[in-house]
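Read through the structure below, which is laid out as C-alpha cells, and then see the notes.
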Ligand code: FAD
C-alpha cells in the first residue's frame, strides 16, 4: 500500500449521482463531516452526465424542429429547419450538462464536502479502500487509501445491461452512446421500447432519423397502461417511426458503416440495416463490484441492496440509496432516499414511502403517473372509481394544438381518497406534481374539485376529472 495509515472520516458517501451528492449536501446540513468518493472526474452521476439532463436537452431540440415543421394550420410557414448537430451537441454538453454539474460541484464545495476521486470497494463492514480509477486500477501496485467511517452511504447507481448477442461496439450503442452521437443517424434501430428507448427514438425521429423500435412486450412503454402508451405509439408512428412489438431481435453484425440486425418479423427472418443500433433493455445495479461480499450487507436476487425504510442495510452503519435499491430507478427517488438516509444518520425519524413517487416518460406526448392504477388497486383488494377528462375538452390544450391525451384519477370507492393518477398529454411531467402532493397528503377528489385551478391552463383537466369523480362533470 502506498500509505499504510487508515484514515478515519465521519460520513462517507460513495457515488456523486442524484443519490450521492444530495446525501452529501443533506448530511453536511445536518452537521456531519462528509467525504464523497467518486470514481470519475465529474460529479452528478448518470443523471446529470448521461441520463435525465442530456436526454431532455436533445428531446427539447427535437420538439423545436417538430414545432417549426407543424405550423401550416396556424397560418405560419418557415423554410425547413436546418440542424447543425455538432452545435447541438456542443450546447447540450457545455451549456446544459457542464453548467449543471458545475452547479453541483459548487454546492458540494459550499457545504464543505471533501471529494476523493477513485473507485471505492469495501474490505469489511467498517473499512473501505479507494483505488485510483481507470482501467489499470487492479493491476496497479498502488493498493489505494483505506478509510474507516462513522457511517457510509452507498449510491453507486446502475449501468446498462449488455445483451451477449449485441456486444457494445462503435455502432451497437447504449444510451450514453446515443446521447453523444457525432451525427443524426439516417437510420437507427432501437432495441427496447421502455422509457429510455422511447424518449431517444422520439428525439432522433424529430431530428430527421428513420427510427425502428423492436420491443419484446406487446406494446412499447410496457410499464404504463395501454391507453397511455397507445397515444405515444400513434404519435411516434405519425413521425414515421416503425414499431414492432412482441419481437425479439436475435443478433447483430457491425462494420465501419453500420449494423445489420437479425430479427423474426411476422414469421419471416428479416435483416434490418441501420447506421446505429441502440440497445436499451434495462439497467443493472452497481452492487457486484464494490466488495459487498466482504460485508454483512444483503443483496436480493436482482442484485439490489436490501434496506429498511430509512435505507439502512443489514450492516447498521451502512446505508444504500438510489438505483442500487428496490423501487423505480429514477433520480427523484434517489434524491428522496438521500435525505432520508442522511436524516437517519442524524437520528431523525425519517422514512422512505414510495406511494407518491411519480414516474414520467418524456415522450411526445408526455406520460406521467403516480400511485396505483385501477388494476393494481383491485389486485390489492381496494374498490376504486376512476374519472377521466380528455385534453380535447381543455381550451389551453386545444389552443396549443395539443388535444391528445387525458387525465385520470383513481380514488377509493368509500372515501374518495386519491390513491393514483395517470396523465398522458401536454405538460404531463409538470402536472403530475399536483397529484403526487394529493396522493401523499391522502386528499380526496373533493379537495381537488374545490381547489380553484387557473383558466385557461393545462391544469384544469385535473379539476375537471375531480368534478367527474364527485358526480358533477362540468365541461364534458
Ligand atoms: P448514478 O446517477 O448512476 O450515479 C452513481 C455514481 O456513482 C456515478 O457517478 C458513478 O461514477 C459512481 N460510482 C459507481 N461505482 C463507484 C465506486 N465503486 N466508487 C466510486 N464511485 C462510484 N431518471 C429520472 O428521474 N428522470 C429522467 O428523465 C431520467 N432519464 C434518464 C435517461 C437516461 C438515458 C438514463 C440512462 C437514465 C435516466 N434516468 C432518469 C435515471 C436516473 O439517471 C437514475 O435513476 C439516477 O441517476 C440514479 O442515481 P444514483 O445516485 O443512484 O446513481
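Read-outs throughout are calculated quantities, based only on the coordinates presented, and are distinct from any laboratory measurement. Note that this is a predicted model, so its numbers are computed, not measured. Backbone-built Cβ (ideal geometry, glycine too); neighbour counts: all protein chains shown.
Quick notes on this structure:
- Peptides ranked, highest mean first, by Cβ atoms within 10 Å: ranges 166-174, 207-215: 207-215, 166-174
- Over region 97-200, equivalent-ellipsoid semi-axes from the Cα gyration tensor in Å: 34, 20, 14
- The radius of gyration of the Cα set in region 37-91, together with its Dmax, comes out at 16.3, 56 angstrom.
- The C-alpha radius of gyration of the chain, expressed as a fraction of 2.2 N^0.38 Å, stands at 1.04.
- Cβ crowding within 10 Å, taken as a proxy for footprinting-reagent exposure, orders 188, 443 from fewest neighbours to most as 443, 188.
- Among 156, 88, 313, a tally of other beta-carbon atoms within 10 Å of each Cβ gives an order, fewest to most, of 88, 313, 156.
- For region 238-255 and region 362-398, distance of Cα centres in Å: 29 Å
- Cα-Cα P(r), region 253-334, percent of pairs per 10 Å interval: 15, 32, 15, 21, 15, 2
- Computed on region 1-129, with alpha-carbon pairs under 8 angstrom and 6+ residues apart, the relative contact order is 33 percent.
- Cα Rg over Rh - region 47-151, Kirkwood: 1.24
- Antiparallel bridges, percent of DSSP beta bridges restricted to the chain (to nearest 5): 60 percent
- Region 358-476 - Debye-derived log10 I(q)/I(0), Cα point model, q = 0.14, 0.16, 0.17 Å⁻¹: -0.50, -0.66, -0.75
- Among 206, 112, 150, a tally of other beta-carbon atoms within 10 Å of each Cβ gives an order, fewest to most, of 112, 150, 206.
- The value of relative contact order for region 319-435, using C-alpha pairs under 8 Å at least six residues apart, is 23 percent.
- Size-normalised alpha-carbon gyration radius of region 237-276, reference 2.2 N^0.38 Å: 1.26
- Gain on full stretching of the segment that runs from residue 266 to residue 306 - 0.36 nm per residue minus C-alpha separation: 10.2 nm
- P(r), alpha carbons of region 136-245 - 5 Å bins starting at zero, rounded %: 2, 10, 18, 17, 14, 11, 7, 6, 6, 6, 4, 0
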